[in-house]
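Below: the structure, in structure tokens.
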């Protein structure tokens, strides 16, 4: 009996570790939600198994462990979002200071951009006074946060 409980808890901890590893990076928040759906299915099946074997405490331990995992992932991705927005706002200030001083937007190589951030400016005389700054959302990998230099606001563009 104890061997079964240990194997069950070890499997749960291994799955939690795997999900945490796969979904803690930038752009991998979707992995957490997919794993959440799989976990819900697993929990639904497990409730009937627990009811049959009368081991509610085992279910409670698993449930708490998974809830702690998703709470951690949520706060990790909130921290990523906050950090990325702060870096982006610093880049925006650099770009606007350069624009105010020189009358045009800076070339890309003069900015210290993070790896996940894109910046480009117009190359033709008609688009010379246009600049674009964007970065990908940390949860949905195809969604973007784009800064509009005319309105001086961030816009969220879903896929």
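Here is how the numbers come out for the structure above:
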read-out	value
Residue in segment 66-88 that is out of contact with any strand residue (DSSP E or B) (no Cβ under 9 Å at 6 or more places or on another chain), part of a loop (DSSP other than H, G, I, E, B), crowded, with 16+ Cβ neighbours inside 10 Å and modelled with pLDDT under 80 present	no
Residue in segment 24-43 that is modelled with pLDDT under 70, in contact with a strand residue (DSSP E or B) (Cβ under 7 Å, 6 or more places away or on another chain), buried (at least 17 other Cβ atoms within 10 Å of the Cβ) and not in a helix (DSSP H, G or I) present	yes
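The values are calculated or read from the model by the stated rules, or taken from the named source; none is laboratory data. Everything numeric in this text was worked out from a predicted model, so none of it was measured. Positions of Cβ are generated from backbone atoms using ideal geometry, with glycine treated the same way; all protein chains shown enter the neighbour counts.
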